[in-house]
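Step one of this worksheet: look at the structure below.
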Amino acid sequence: MEVFILILICTSIAAIVLRVIYLLKKIDSETEYSYENTPPNFTEENGSLYITIPYYAWQTKKLAAINKLYSKEFIFDEKRYITKCHWDDKNNATSDIVPKNSLSERIFKNYYALVDLAFPTMHNNTIIGNNNFIGNNNKINNNPSIHTISINKTDKDEIIKNINSLIDSEIDNSIKNELKNFKNDLSTNNVTHKKCNKLCLILEKLSKQAPYVNLVTSLINLLRTIN
């Protein structure tokens with residue numbers, strides 16, 4: 001009798017656990033993940049820059065979204081980063097880490113990636129430390145955000161074409177104003193890396209809206225190309 005009761009209790013507990021896992025996986029599958037709800041944590045290790053993004057073992061959709069958003073390149077805090085390599089779990093990042101089987105490490109995971117800050121190419125300049133040197137070692141400001149970007153006519157025309165299409169669509173007026181400002185900067189050759197990154201961040205949010213996915217993605221790719 002006691003054995004039967006014990007089996008019944010264990011079965012009930014197992015059923016509850018499975019039900020909880022099912023509900024958690026359902027929440028994950030119904031959540032839309034973006035840069036806003038998967039922000040990276042930056043750390044510097046042995047002179048290299050890494051990011052970690054926490055997730056739970058049952059969040060398969062979140063992990064897939066993280067890989068899609070961060071596995072190649074991404075923009076954070078108006079700076080562009082290139083991902084050199086990445087791992088689904090930090091514990092698997094290096095071969096000399098002994099696999100751990102504790103319950104917490106089975107549940108709590110960390111996406112882990114080695115990244116580089118993508119500095120823009122400075123034509124005819126040499127980037128040295130925190131300063132640029134040009135001509136006879138004349139020091140100039142090395143803040144990438146203040147330098148204008150040289151854009152060829154083909155790219156400029158394509159960007160303006162996409163911007164005009166978005167301005168004519170039913171999007172928020174604040175985004176239209178940002179697009180108009182950027183278009184004006186294009187016409188006056190006053191586009192900087194900071195302005196380009198800012199517009200990319202705005203467009204990333206708009207890219208989640210179904211009617212504009214292709215158009216916005218095309219514009220973002222163009223902006224990243226010139227940036």
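Computed from the coordinates by the stated procedures, all read-outs in this text should not be read as laboratory data. This is a predicted model, so every value here is computed, not measured. As a convention, Cβ positions derive from the backbone with ideal geometry for all residues, glycine included, and neighbour counts pool all protein chains shown.
Report the local net charge at Ile167: Lys and Arg +1, Asp and Glu -1, summed over other residues whose C-beta lies under 13 Å from its C-beta. Intermediate values should be presented prior to the final figure.
Values: positive: Lys161, Lys176, Lys180, Lys183; negative: Asp168, Glu170, Asp172, Glu178.
Spelling it out: positives minus negatives among the neighbours equals 0.
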With His193 itself left out, Lys, Arg at +1 and Asp, Glu at -1 over residues whose Cβ is under 10 Å from its Cβ give +4
Put in order of increasing Cβ neighbours within 10 Å, starting from the fewest, Cys200, Cys85 give Cys85, Cys200
Rounded to 0.05, the calculated FRET efficiency for the beta carbons of Asn152 and Thr217 at R₀ = 25 Å is 0.75
The correct pair for the stretch 1-63, radius of gyration to one decimal and Dmax as a whole number, both in Å and from Cα atoms, is 19.3, 64
So, with points 7 Å from each Cα along the Cβ direction, the Asp172-Leu117 label distance in nm works out to 2.8 nm
